[in-house]
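Chemist: Structure incoming, see below.
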Amino acid sequence: MSAPAVNSSEVEQDRQQRLNELVAESDPNWEDQAKPGSFGCHELLDRTSVAADMVEQFVLSHPACLRNAEWFALAERAAAALHELYQRVGAEHLAADAR
């Protein structure tokens with residue numbers, strides 16, 4: 001069993017749908033509250049770090065995950081993707097803070 005292929009158009013469609021819901025439910029300044037350098041961006045960094053830690057502590061070390069090489073590899077990719085997201089968000093966030 002392998003991970004399902006990611007369809008970039010479906011991913012973008014999902015992002016747009018979530019964005020439309022956010023716009024409809026939020027105040028007009030939501031974008032300023034989420035851009036790099038904002039508290040919202042800092043909050044995303046924290047949540048990404050927590051999620052990566054949880055995958056590493058509770059999923060990668062879980063006996064059921066350890067006994068199955070495919071599950072472990074998939075969980076490892078999830079942790080790596082979260083770490084990469086943290087680095088990318090952090091780079092833009094810190095650059096915005098420096099301006």
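The values are calculated or read from the model by the stated rules, or taken from the named source; none is laboratory data. From a predicted model like this one, the values you see are computed outputs, not experimental measurements. Positions of Cβ are generated from backbone atoms using ideal geometry, with glycine treated the same way; all protein chains shown enter the neighbour counts. Remember, those area values only see protein heavy atoms, side chains included, never the ligands or the DNA or RNA. Shrake-Rupley method; radii C 1.70, N 1.55, O 1.52, S 1.80 Å.
Chemist: Within the range 46-53, is even one residue part of a helix (DSSP H, G or I), of a type in the set (Val, Ile, Thr) and more than 24 Å from residue 36 (Cβ to Cβ)?
Modeler: As a first pass, look at the range 46-53 and keep what is part of a helix (DSSP H, G or I): 46-53.
Cutting the leftovers down to of a type in the set (Val, Ile, Thr) gives us 48, 50.
Pick out the ones that are also more than 24 Å from residue 36 (Cβ to Cβ) and you get none.
Checking the range 46-53: not a single residue is part of a helix (DSSP H, G or I), of a type in the set (Val, Ile, Thr) and more than 24 Å from residue 36 (Cβ to Cβ).
Chemist: Do the conditions hold for residue 89, that is, is it free of Cβ contacts under 8 Å to residues at least 40 places away in the same chain and β-branched (Val, Ile, Thr)? Even if it seems obvious, please write down each step before you answer.
Modeler: Values: free of Cβ contacts under 8 Å to residues at least 40 places away in the same chain: no; β-branched (Val, Ile, Thr): yes.
So residue 89 fails the test.
Chemist: Taking interchain pairs and intrachain pairs at least six residues apart, which have beta carbon atoms under 9 angstrom, with the first residue in the range 60-83 and under 17 Å from residue 50 (Cα atoms) and open to solvent by less than 80 Å² (accessible area, probe 1.4 Å) and the second of a type in the set (Val, Ile, Thr) and at pLDDT below 95?
Modeler: Once the first residue is under 17 Å from residue 50 (Cα atoms) and open to solvent by less than 80 Å² (accessible area, probe 1.4 Å) and sits in the range 60-83, no partner that is of a type in the set (Val, Ile, Thr) and at pLDDT below 95 comes close enough.
Chemist: Tell me which of these residue 92 doesn't satisfy, since it passes every other one: (1) in a loop (DSSP other than H, G, I, E, B); (2) open to solvent by 100 Å² or more (accessible area, probe 1.4 Å).
Modeler: (1)
Chemist: Take residue 98 and tell me if it is open to solvent by 70 Å² or more (accessible area, probe 1.4 Å), of a type in the set (Gly, Ala, Ser) and modelled with pLDDT of 95 or more.
Modeler: Working: open to solvent by 70 Å² or more (accessible area, probe 1.4 Å): yes; of a type in the set (Gly, Ala, Ser): yes; modelled with pLDDT of 95 or more: no.
Criteria not met by residue 98.
Chemist: Quick one: is residue 5 small (Gly, Ala, Ser) and open to solvent by 90 Å² or more (accessible area, probe 1.4 Å)?
Modeler: Working: small (Gly, Ala, Ser): yes; open to solvent by 90 Å² or more (accessible area, probe 1.4 Å): yes.
The answer is yes for residue 5.
Chemist: May I pose another question? Determine the pairs where a residue that is small (Gly, Ala, Ser), located within the range 14-40, has a partner that is assigned to a helix (DSSP H, G or I) with Cβ atoms under 6 Å apart, the partner being 6 or more residues away or on another chain.
Modeler: As it stands, the answer is 34/40; 37/96; 37/97, since those pairs meet every condition given.
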